[in-house]
Amino acid sequence: MNARLQKLIDTAKAAWNAEQASGRVRVRVTLDTSSIARGAEETLARLREAAASRKIDADVGITGSWGFCWMEPCVTVRSAAGTHAVLYGNITPDRVDDLIAAIAAGRDLPELAIGVIEGNATPEIPLLEDHPFMKGQVRRLMANLGRTDPENIDHYLAHGGYEGFGKALEMEPEAIIKEVLDSGLGGRGGGGFPTGRKWDFLRNATASPRYLVCNADEGDPGAWVNRILLEGDPHLVIEGMLIAALASHADEGYIYIRYEYPLAFERMQKAVAQAYERGLLGKDILGTGKNFDLIVFLGAGSYVCGEETGLINSIDSYRGMPRIKPPFPAQAGLWNKPTNVNNVESYANAPLILRHGARWWSSVSDVKEKGTKMFTFSGHVKQAGCIEIPFGPKVRTLLEQYAGGLSGDLPLKGFQPGGPLSGVLPASDIDLPLTLDPYRERGMFLGSGGVVFFDQSACIVDLCLFFLGFCEDESCGRCTTCHGGTQRAVEILRRIQAGGGRDADLENFERLIGTLVWSNCLHGQFAMTSIKTSLKTFRDEYEEHIVDKVCRAGVCKGLMPGRWARKTAAPVAAAAD
Ligand code: SF4
């Protein structure tokens, strides 16, 4: 291990251990975008005030998300002796007084407890690991979330941080790439292309300088996997990029964060500044003679900048339009120089592979896709949250175990596996595994991990209008097939909703499906996937809209409501059924 890095790690561990042995109660509030939306900043401020006014010797700080997004703000309380720690949920500002009273009395608050993190379960509070939400999870990328302060580099260093980079420093680039290839790590943006091969393309490029880009433009509605990582453990991404830079001889890197993630941008900026301060970035890194600069870049709010060449154009100060390929970024990317683009989760896995070895990393999964994957889930579910599991479980597990089932009493109608381009599947596909191939075989894809469930109160025409409207809004305008095609699809869907459906509409959808696949980038090529996939399994519902002028969900205002319309719908519902 590089001596300077070892010193950083030793100092950080000593500081962490001293903190643990301080004899102070430690209170940690989850502070991320989800919890802030539920008042976490006020919870934090009130906890500090209340602890001070009651003269409780407490160390009140922040941490990343545990993934219990539906129970934010979450708060961890660790006893002064350090032998008992409990995770609480729903600690909204109005509940702070109850929690502080319990801390002052040296007792737990079982009514708000989620589980015991450290120490023994109590008669009223089970162990957190026995919580249904935690069972089956293998939290590697999320290991620090809920435990360390994302704004403190020493917390990261004290928990194995930068050890993978330390190992990579002692390896040849070819050996690093071999380790990543042996692990089986595939691109986590949905493509699954071997990450090691992408790094090798860059390594073999002849031009210089060479660039690395981290695609943190997570724009799929229903996906916030990357945000959880960027906000909760930013150094994991930096370390992954450092390892990729060593492997591919890259000179400079960019972390491209979507405009709608201001907290992620702020945290990444802080983390990058800390890494520079410690000599982990910049010139002559840790005295090794190696150089790597890292810039955090805020996008401008365009969905197609999630496409790698659109993103590159955006950094290049051009309009965020996907380029025509070839040339591919590995040959001519940023400023027409060789560039590698990876997803946040892809980079974040690299430190774990280098630290623990490829065999350890891949052993968790017995399907083709190796390692773990983070998923978020939302829609008509009881619990919207984020988990990390090995590839392979069924979508049903995601819904029933992790999302707690459907929120209402209506049956499941279907789900969208990964964003507005991924398509929709019916409830009968709920036993599909969470791996890549089953979706590819259906002409769709699993995406970056945001699964949205919908019950029978959703109308398939209305859902597709939302997805197509999104694609129309976000089309960059380069291809007539894409910008004109999505407009035509939206017009037809709107007309069907208003009661003006025509016999030729479904045929015209088929024509549009055949036309849009000729678009330049995935945005246009997959824009019609929601209609294409729903025509296969929800065709009768389209026909009801067009021929019978009935919307079974009672959503389309120009049509008669049908059998799944909510009770508040017009009395004509029963007749229409
Ligand atoms: Fe732009 Fe759509 Fe063409 Fe992609 S397919 S380049 S988003 S117009």
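The values are calculated or read from the model by the stated rules, or taken from the named source; none is laboratory data. As the structure is a prediction and not an experimental result, all values here were calculated from the model. Here the Cβ positions follow ideal geometry from the backbone for every residue, glycine too, while neighbour counts run over all protein chains shown. Remember, those area values only see protein heavy atoms, side chains included, never the ligands or the DNA or RNA. Shrake-Rupley method; radii C 1.70, N 1.55, O 1.52, S 1.80 Å.
Within segment 96-109, the set of residues being without any contact (Cβ under 8 Å) to a residue 40 or more places away in the chain and either open to solvent by 40 Å² or more (accessible area, probe 1.4 Å) or assigned to a loop (DSSP other than H, G, I, E, B) (or both) comprises D98, A105, G106, R107, D108, L109.
The residues on offer are T480, T529, and the sole one that is within 16 Å of the ligand (Cβ to nearest atom), under 17 Å from M321 (Cα atoms) and β-branched (V, I, T) is T480.
Screening Q497, Q487 for residues that are modelled with pLDDT of 95 or more and within 16 Å of the ligand (Cβ to nearest atom) leaves exactly one candidate, Q487. The residues listed here are N342, N349; of these, the one that is in a helix (DSSP H, G or I) and either among the polar types (S, T, N, Q) or touching a Pro at 6+ places or on another chain (Cβ under 6 Å) (or both) is N349. Among the residues examined, I324 qualifies as of a type outside the set (F, W, Y) and closer than 27 Å to G477 by Cβ. The single residue among G279, G301 that is open to solvent by 30 Å² or more (accessible area, probe 1.4 Å) and in a loop (DSSP other than H, G, I, E, B) turns out to be G301. Only one entry in I531, I460, I430 is among the β-branched types (V, I, T) and surrounded by fewer than 20 Cβ atoms within 10 Å (Cβ to Cβ), namely I430. Screening the candidates F470, F415, F454 for the property of being among the aromatic types (F, W, Y), within 16 Å of the ligand (Cβ to nearest atom) and in contact with a Phe, Trp or Tyr (Cβ under 8 Å, 6 or more places away or on another chain) yields one hit, F470.
May I ask you to verify whether G253 is within 16 Å of the ligand (Cβ to nearest atom), open to solvent by less than 20 Å² (accessible area, probe 1.4 Å) and either in contact with a helix residue (DSSP H, G or I) (Cβ under 9 Å, 6 or more places away or on another chain) or part of a helix (DSSP H, G or I) (or both)? Talk me through it step by step, then tell me what you get.
Working: within 16 Å of the ligand (Cβ to nearest atom): no; open to solvent by less than 20 Å² (accessible area, probe 1.4 Å): yes; either in contact with a helix residue (DSSP H, G or I) (Cβ under 9 Å, 6 or more places away or on another chain) or part of a helix (DSSP H, G or I) (or both): yes.
When the stated conditions are applied, G253 does not pass them.
With respect to the conditions (1) in contact with a Lys or Arg (Cβ under 6 Å, 6 or more places away or on another chain); (2) away from the ligand (no atom under 16 Å from the Cβ), G299 lacks only one, and its number is (2). Look at L522 and say whether it is open to solvent by 30 Å² or more (accessible area, probe 1.4 Å), of a type in the set (A, V, I, L, M), closer than 23 Å to E441 by Cα and away from the ligand (no atom under 13 Å from the Cβ). Considered against the rule, which asks whether it is open to solvent by 30 Å² or more (accessible area, probe 1.4 Å), of a type in the set (A, V, I, L, M), closer than 23 Å to E441 by Cα and away from the ligand (no atom under 13 Å from the Cβ), L522 comes out as no.
Under the condition of being surrounded by fewer than 24 Cβ atoms within 10 Å (Cβ to Cβ), touching a residue at least 12 places away in the same chain (Cβ under 8 Å) and polar (S, T, N, Q), the residues counted in segment 309-333 number 2. Checking R319, R323, R355 one by one, the residue that is touching a helix residue (DSSP H, G or I) at 6+ places or on another chain (Cβ under 7 Å), of a type outside the set (G, A, S) and over 21 Å from Q525 (Cβ atoms) is R355 and no other.
Any residue in segment 118-130 that is open to solvent by less than 50 Å² (accessible area, probe 1.4 Å), among the polar types (S, T, N, Q), touching a residue at least 24 places away in the same chain (Cβ under 8 Å) and part of a loop (DSSP other than H, G, I, E, B)?
No, the conditions are met nowhere in segment 118-130.
When F453, F375, F445 are screened for being under 25 Å from P194 (Cβ atoms), assigned to a strand (DSSP E or B), among the aromatic types (F, W, Y) and touching a Gly at 6+ places or on another chain (Cβ under 6 Å), only F375 passes. Do we find that G306 is among the small types (G, A, S) and buried (at least 20 other Cβ atoms within 10 Å of the Cβ) in this structure? Criteria met by G306.
Listed here are the helices (runs of 4 or more DSSP H) enclosed by segment 133-195 that have at least 2 residues being open to solvent by less than 50 Å² (accessible area, probe 1.4 Å) and over 20 Å from Q6 (Cα atoms): 173-183. Candidates are the residues of segment 500-519 that are within 34 Å of the chain's Cα centre (by Cα) and open to solvent by less than 70 Å² (accessible area, probe 1.4 Å); the one that is farthest from the ligand (Cβ to nearest atom) is F509. Selection of first residues in segment 467-480 that are of a type in the set (K, R) and of second residues that are within 10 Å of the ligand (Cβ to nearest atom), restricted to Cβ pairs under 9 Å at least 6 apart or on distinct chains, gives the following pairs, ordered by first then second residue: R478/M321; R478/P322; R478/I324; R478/S519; R478/N520; R478/C521; R478/G524.
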